[in-house]
């Protein structure tokens, strides 16, 4: 029996590598003769840097940066030899045949995970730390940058990141406004400066298709989880709209960029980097699937196990676990979902079964605190039969 374990993260409970490792250890303890392959998933958020860098035998460095609320912290940068990447990955990213690719994870430097729930506030959150990682990668000689933008705490159009790589915001007296967040934008009289010329091309891994503004835009869709109060929506949306128009004018880019799919991802950093740096967006899971050689690993397996903290309709709409299940079904493989919660009445792909980790009556908080034990217990229950 050959099993492929491809978990995504269990939010606030287990990282994807942790969940995969637990499953591998439990199954091999029960069945030492089985072959178990692990392939932790990432959607561009938490784990993006480590998972991709480790799988390509790259190196990871820790760098001091300013976090989303401008507090000192350390974050990771991965460095990968482009020659180690498969031809399909190089094609997707349009990479040269050699050189160094820097892998950066926005969630590491400007992530929601760094801010306690009661302290989250998009008016005060900055992407400056993400820009510091970009600057560090450029100074280290990276030929290209791959940036995963999931899990951000910000709604600042990436202006903080752009400040860290050359853009300046000035007030009416010509004084520099350092580390500006949306709360400070009303004082900005002009933009000045250029993006540093040694910044390499930034490839943005993103599966979100929200535009920048409107009912499906960055502020309306993601603002509440980042701490936005309902009554602040109109003011924050207006501030984002006004600053975005100013950026388009300054960088001589069409306002239609605000309507492009994905411009509303991660508080608009996709819009900001495309406007100021001519960055390009690539489909996140398509890239990850090729990078981790998931199709080949599914083909070699007899059973595929995937899952995340909560498996719901969104899991089947472009997220990693749903994509894994669809590919397994296409290859006529049996697959199993293991998740803390599984939404009822989902139309699962053929040959797919689901197991819920949390017993009836468990609260969300208890499910999170006991998640690792619950996963191990369910695996023993399923694979002892």
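Details
- Cα long-axis angle, helix 320-330 against the chain (0 to 90 degrees, to the nearest 10): 50 degrees
- With neighbours defined as other Cβ atoms within 10 Å of a residue's Cβ, the residues 152, 314 order from fewest to most as 314, 152.
- Cα gyration tensor shape of region 203-254, rounded if a/c is under 1.5, else prolate or oblate by comparing a/b with b/c: oblate
- Stretchable slack from residue 299 to residue 252, in nm (0.36 nm times residue separation minus alpha-carbon distance): 12.1 nm
- Residues 89, 382, ranked from the fewest to the most other C-beta atoms within 10 Å, line up as 382, 89.
- The helix-based estimate of mean residue ellipticity at 222 nm for the chain, built from -39,500 (n - 2.57) per DSSP H run of four or more residues and divided by its residue count, is -9500 deg cm²/dmol to the nearest 500.
- Candidates 344, 263, 110: whichever shows maximal mean-square fluctuation once the chain is modelled as a Gaussian network with Cα springs under 10 Å: 344
- For 43, 71, order by how many other beta-carbon atoms lie within 10 Å, fewest first: 71, 43
- From the alpha carbon centroid of region 1-79 to that of region 359-373 is 21 Å.
- Acute angle (nearest 10 degrees) that the helix 16-30 long axis makes with the longest principal axis of the chain, alpha-carbon atoms: 10 degrees
- Compared with the dominant principal axis of the Cα atoms in the chain, helix 233-250 is inclined by about 70°.
- Overall, the anisotropy analysis places region 134-198 in the oblate class: the square-rooted eigenvalues a ≥ b ≥ c of its C-alpha gyration tensor yield a/c not less than 1.5, with a/b not exceeding b/c.
Bear in mind that the values in this text are calculations on the coordinates, not laboratory data. Computed from a predicted model, the values in this text were never measured in an experiment. Counting neighbours? That spans all protein chains shown, and the Cβs are built from the backbone with ideal geometry, glycine included.
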